[in-house]
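Since the structure comes first, as structure tokens, the remarks are kept for the end.
The values are calculated or read from the model by the stated rules, or taken from the named source; none is laboratory data. Because the structure is predicted, anything quoted here is derived from the model rather than measured. Cβ: placed from backbone, ideal geometry, glycine included. Neighbour counts: every protein chain shown.
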Amino acid sequence: MIRAWLTQHGFVLILTLKRLISTPITTFLSIIVMGIALSMPTGIYVFMKNLQSVTGQAANSPQMSLFLRKEVNKEDIAKIKRNLEHNANIVSIQFVSKDAALQRLQQSNGLADITISLQHNPLPDAFVIHTAQNTSDMLEQLRAEMQSWPEVEHVQFDSAWLERLHALLKLGRFVVLMLATLLSVAIIAIMFNTIRLQILTKHDEIEISKLIGATDSFIRRPFLYFGTLQGLASGASAWLIVTFSIALINEEAYAFIHQSGIDFYLQPLSPHDSISLIVFSALLGWLGARLSVASHLWQIEPR
């Protein structure tokens, strides 16, 4: 029984593939249109995921800079270091002396001539710290505490960027969700209309099949396979569009990345996301075909 069931489905699958191949231009255009529609939210999702991965480390371990007063001595620096080491919210500490800071500044492009003309070192000693948490209240409390130390001139930390980052990522996820929903409805509508036209063109064939005793599931099966295969191919085309676009963007941005010294490239879809995209697109194709068949097949009855 299982063998007969597999044989029937295999026969319908081959028949559907032949039907797709018999109209290559129409099939290709339908797949490309749906693939482009799917690639839009997928591309935004990939960009947001890359943005989140790049900023995630900084967001999970925010950085603060403590600039010390010019008159501090070694004992004061050692005292501040001990206070920082005993703070449970701080995960790493780096002391940057004013001489080391000036040396780094002299090695910077475009600033060497300016630093050479300086008669004295205007830079202060500083501590660069990374915290274990990234909640705004905790960071502001920690900043206020360190700012109250008499040896500290200024604590530099822009807490607003975290809120802006989270708001941007939240907005991006909302845009992806809205766009994916709207375009999914559009793909279902396209498939619905495609299957409707096929049902109309095969009206006589369906009527004869019902007349000789064919069940609704048997008549429905080729249309469902047709929608599923088109959805599957559309998901694959969307994956190709996004992957090719990412490779093209990385290639075009290579010169800028090389000059700026930023080690950042857009990462393509992960295997899990790729499979999810193709399965989701196949499900959309099946759903559009299923709705169309349910709406139109019952209207055809043998006379």
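Some observations on this one:
- Taking the listed residues Arg196, Arg173, the one that is within 19 Å of Met40 (Cβ to Cβ), surrounded by 12 or more Cβ atoms within 10 Å (Cβ to Cβ) and of a type in the set (D, E, K, R) is Arg173, with no other qualifying.
- Ile278 meets all of the listed conditions (1) surrounded by 14 or more Cβ atoms within 10 Å (Cβ to Cβ); (2) modelled with pLDDT under 85; (3) closer than 22 Å to Ile36 by Cβ but one, namely (2).
- Close Cβ contacts (under 9 Å, 6 or more residues apart or on different chains) running from residues in segment 165-176 that are within 9 Å of Met48 (Cβ to Cβ) to residues that are part of a helix (DSSP H, G or I) and modelled with pLDDT under 80 comprise Leu168/Leu51; Leu169/Leu51; Leu169/Gln52; Leu169/Thr55; Gly172/Leu51; Gly172/Gln52.
- Qualifying residue in segment 246-268 (condition: modelled with pLDDT of 90 or more and loosely packed, with under 13 Cβ neighbours inside 10 Å): no
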